[in-house]
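See structure below.
All of the numbers you see were taken from the coordinates with simple rules; none came from a lab. Predicted model only: the values in this text are computed from it and were never measured. All Cβ positions, glycine included, derive from the backbone under ideal geometry; neighbour counts span all protein chains shown.
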Amino acid sequence: MKPIIVLLTTLLLNMSATATIITVDNHYPSMGDYNNLQAAQNAANNFDTLLLTPSLVGYPSTNILKPLTIIGNGYGDGTSTTLPHCIIYNPFGIDPNAAGGKICSVEINGRIDIYATNFTIERCKTGQIQLFGGSSNVLLHQNLIIAGFSIQYYNQSDATLLNNCILSDNYFCLVNGSQITNASITALNNIFINKQNGAFKAIELSNTNSYFANNIISPQQSGIISSFNNIISDGSLPSTNGNQLNVDLNTVFMDYANGNYHLKPGSPAIGAGLNGVDIGIYGGSTPFIDGGLPPLPSIYYLDVPINGSTQNGVNVTIKAKSNN
């Protein structure tokens, strides 16, 4: 068993170098330091890490009032073999005092309201993200966002969107012009897909500074100011700067109709982005991670004999991957 001990010890030491690790387990009896998020947050110091135990029962929501890192085990791929994962019920609020924090690899069953600066939502699944006044330098990274009005910006909020899969029945990225002044959006290697088949625009921006590159958009957009090397299913972007217009997305993805957004062989997105990267969520320096696995080592193969001896020990075969 020594290889397992060494691996887990190394992981914990690396994480402990910067903050205390607090475990949260809502099972009964609980094996964690705390059995709910609120109690764990109350006990935590700034920049501590809360590790959530996978569970078939969701964690009740709480407003995050400190700069903490909250990490789950991903949200799964929706198959019958998906292991239990970490679900937090909505609404889930990020207070201004949580500036500098992060939520990683959890499913938010509803909406995330962000009021903080320098906050990161990474490898999560959620229905909606709202950014309110003062929520500057927000990073939305490798997320799966599925709902009507998926992303909304209010009152001078700004964010960077990297490698997100944004699916909606209404606007994917709505900015209300009556409430926005000088909002700023940078979007790289995302997909914005509207499931209403043209009933709504995929993106609608107003009074907003925006830079969009290496994205795939369907069916239409308005308000994007700077656009480079995007693919769109209609003609609503300029036909300059490497943009590809009126593209049939069935020629882009492995299975567009059923939500497999990996690029098929010969896809017009392959190598067509800025600096020769692939366009879409699997391109760029930080490709989308299916299922939202956290950027921590995980064991995916373990072979332990049933029998051993004090003289010869036990030969254990273990395989792990980094999930970076």
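Using packing as a proxy for protection, rank 187-195, 270-278 so that the peptide with the highest average count of other Cβ atoms within 10 Å comes first.
Result, highest mean Cβ count within 10 Å first: 187-195, 270-278.
Applying a 10 Å radius around every beta-carbon, put 119-127, 285-293, 250-258 in order of their mean neighbour count, most first.
Numbers: 119-127: 23.6, 285-293: 18.8, 250-258: 14.2.
In descending order of packing, they fall as 119-127, 285-293, 250-258.
What's the local net charge at ALA116, with K and R +1, D and E -1, over the other residues with C-beta under 15 Å away?
-2
Sorted by mean Cβ packing within 10 Å, highest first, what order do the peptides 44-53, 239-248 take?
44-53, 239-248
Using alpha carbons only, how many angstrom separate the centre of the stretch 235-274 from the centre of the stretch 43-108?
33 Å
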